[in-house]
Amino acid sequence: MAQRTRRGDGDPLWRLASHRGLSRRRFLTLLLAGGTTAVLAACGDEIPQWQGETRPQLHDAEPPLVFKNPTPFIDHGHAGLEARLELLSESIAPNDLFFVRNNSRSVALDPAEWSLRVDGDALDEALQLTLDDILRLPQRTMTSYLECAGNHRVMFDLLQGRSAKGTQWGRGAIGNAEWTGVALADVLALAGAQESAVSVLLIGLDPESPEGGFRRAMPIEKALHPDTLLVHRMNGAPLPRDHGFPLRAIVPGWVGSSQIKWLGRIVVSSKPQWTRNNTTSYVLIGDDYEPEGEAEGSVVTLQTIKSALALPWPATIEPGRSRLNGYAHSPHADIAVVEWSDNRGASWQPVVLTGQQVDYGWAQFHFEWEATPGEHTIMTRATDIDGNTQPNHVPFNEKGYLFNQPLPHPIVVA
C-alpha cells in the first residue's frame with residue numbers, strides 16, 4: 001500500500017495556510033475534501049480566472065520605446081511619458097492616460113513562457129511560479145497612487161534656480177489606479193522565508209537595464225506588509241505591457257522605483273542588498289543628507305505629501321468665475337486639508353475635498369476663483385490627518401528627488 005505524504009512544516013501549501021490563520025485540522029479537512037484548490041480558496045478571496053479573456057499577444061520583434069500612444073502625454077523619450085493632469089477628470093486614471101516611467105524600453109513578455117523565481121539564502125527552498133500559480137493564490141484589490149521619485153524635479157530649476165540631474169519631470173509622473181494581485185508576504189510564505197531574512201530584492205526582466213534587469217531592495221518588514229502586492233491587473237484589466245505585464249510590484253506610498261515592472265526574480269537575503277538603485281541612484285545626495293550603508297546619501301523609499309492643480313502649465317483661462325480642480329496625496333495618511341492662495345502664500349483659503357479617498361489613493365479637490373484679466377499665480381498646499389504638510393522649502397539634492405514645495409502655478413486670464 002502506498003504511504004501517505006504528510007503535509008509537514010516544510011510544505012509550501014501548509015506554510016501558506018498557516019500564515020493565513022488556518023489550523024492544522026482545518027487545513028487537513030480542506031485538503032482531503034477538495035485538494036489544493038479548497039485550501040487556497042479558504043486562504044483568501046475567490047480565485048480569479050482569465051474567463052475567456054485574450055491574454056496579451058506579442059507582435060513586435062523589436063518593440064518601440066513604449067506601446068501606448070504618446071499623443072496625450074508629454075513625451076520624455078527613453079524615460080517615458082508624463083501624464084497631463086488636466087486630462088485626468090476622474091479619481092482613477094485610465095490605463096491609456098497613466099504615465100509611463102522606463103529605465104530602458106517597455107518589454108513584451110509571453111505569459112506562457114514567463115515565470116517568477118524566488119530564491120536566496122534566507123529561504124527554506126527556491127520556488128518557480130507561473131502566472132497560473134499566481135492566479136491561484138489569495139487575491140487582493142487595492143487602490144493606490146503610483147509616483148516617480150523624480151516627479152516635480154524640474155521645479156528645483158524653476159523655483160530654486162538649481163538644475164538637478166535626470167529627466168525633467170513636471171507634475172505628471174503620477175497616477176492613481178486600482179490594482180489586483182497577491183500579497184508578497186504570501187509568496188514569501190510559500191518559499192519559507194526564514195527569521196534570518198532582512199532584505200528582499202525585486203528584479204525586473206527589462207534586458208537593457210545596466211545591471212541586467214532593473215532592481216530595488218526593500219527591508220523584510222516592508223516586504224511582509226499585507227499591502228505590499230504583486231499585481232497582474234490594473235483598473236480591472238490585465239496589466240498593460242507598458243506597466244509591467246504579466247506581474248509587477250505595488251508598494252503603496254513608496255517611490256515608483258521600488259514598484260518593479262516585468263518582475264522575474266525575488267532574492268531573499270540574510271544580509272542587506274545593495275545595487276546601483278540604492279547606492280548611487282534613488283539616493284538623496286547633497287549637503288543636507290547623510291550617507292547610509294553603502295549609499296552615497298540617504299536612500300529614497302517613502303514619497304512625500306504633494307498637491308497640484310489639474311491645469312496645463314502654464315494655463316490660460318477665460319475671465320469670470322472658474323472652478324479649478326486638483327489632486328493631493330500623502331504616503332503617511334489621508335489628506336485632511338488642502339488650501340489655495342492667489343497672493344503667493346500671504347493668505348490661504350480652504351478648498352472642497354470631493355469624493356472619497358480610497359485606500360492609498362489620492363484625494364481630489366476643487367475651489368471657485370474669480371478670474372480677472374491678467375497674469376496670476378495660484379498655489380496649493382496639502383496637509384494630512386497626521387499633520388504632515390508641504391514645506392516652504394526642500395533642500396536641494398543632486399538627482400532632484402522628492403520635491404514637494406507648494407507650486408506657484410502660472411495662469412493667464414484673457
### Query
In whole angstrom, and with the biggest value first, how far do the Cα coordinates of the stretch 314-364 range along each principal axis?
38, 23, 19
### Residue-level accessible surface for D288, protein heavy atoms, 1.4 Å, Å²
100 Å²
### Candidate aspartates and glutamates - alpha carbon under 13 Å from K261, same-chain residues fewer than 8 apart omitted
D206, D242
### Task
Send over a whole-number figure in Å² for the accessible area per residue of the chain, probe 1.4 Å.
43 Å²
### Query
Using +1 on the beta carbon of Lys and Arg, -1 on that of Asp and Glu, and nothing else charged, what's the dipole of the stretch 166-218 about the Cα centre, debye to 20?
200 debye
### Query
Ordered by residue, what ³J(HN,Hα) values in Hz, to whole numbers, does the stretch 135-148 give under the Karplus form 6.51 cos²θ - 1.76 cosθ + 1.60, where θ = phi - 60° and Gly and Pro are x?
5, 7, 7, x, 9, 10, 10, 8, 8, 8, 7, 10, 9, 5
## Note on the structure
Neighbours of D359 by Cβ distance under 12 Å: Lys/Arg at +1, Asp/Glu at -1, summed charge -2
## Note on the structure
Here the stretch 175-190 yields Karplus 3J(HN,Hα) values (6.51, -1.76, 1.60; θ = phi - 60°; whole Hz; Gly and Pro given as x) of x, 10, 9, 9, 10, 10, x, 10, 5, 4, 4, 5, 5, 5, 5, 4
### Query
Per the Cauchy relation, a quarter of the hull surface: what is the mean projected area of the convex hull of the alpha carbons in the stretch 106-234, in nm²?
9.8 nm²
### Rounded to 10°, Cα long-axis angle of helix 24-43 versus longest principal axis of the chain
50 degrees
### Task
For the chain, give the percent of accessible area contributed by carbon and sulfur heavy atoms, probe 1.4 Å, rounded to a whole number.
48 percent
### Query
What is the set of long-range amide H partners of V283 at a cut-off below 5 Å, with H atoms built 1.01 Å from backbone N?
V300
### Task
Using only C-alpha atoms and all pairs of different ones, pull out the Kirkwood radius for the chain in Å with one decimal.
22.8 Å
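So between I317 and I385, what do we pick up on full extension, going 0.36 nm a residue minus the alpha carbon distance? Don't skip to the end; give the middle numbers.
Details: separation 68, 0.36 × 68 = 24.48 nm, distance 3.29 nm.
Full extension of this stretch gives 21.2 nm more.
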## Note on the structure
Partner aspartates and glutamates whose C-alpha sits under 16 Å from that of K222, ignoring same-chain residues fewer than 8 away, are D186, E195
### Query
Once you put a point 7 Å from the Cα of E90 and another 7 Å from the Cα of A237, both along the Cβ direction, what distance in nm separates them?
1.1 nm
### Task
Run the dipole for the chain about the Cα centre, Lys and Arg Cβ at +1, Asp and Glu Cβ at -1, nothing else charged, and hand back the magnitude in debye, nearest 20.
840 debye
### Message
Taking amide H atoms as placed 1.01 Å from N in the peptide plane, list the residues 5 or more away in sequence, or in a different chain, whose amide H sits under 5 Å from that of L239.
### Response
R233, M234
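The values are calculated or read from the model by the stated rules, or taken from the named source; none is laboratory data. Note that the structure is predicted; figures quoted are calculated from it, not measured. Don't worry about glycine lacking a Cβ; one is built from the backbone with ideal geometry, like all the others, and counts go over all protein chains shown. Only protein heavy atoms, including side chains, enter the accessible area calculation; ligands, DNA and RNA are left aside. Shrake-Rupley method; radii C 1.70, N 1.55, O 1.52, S 1.80 Å.
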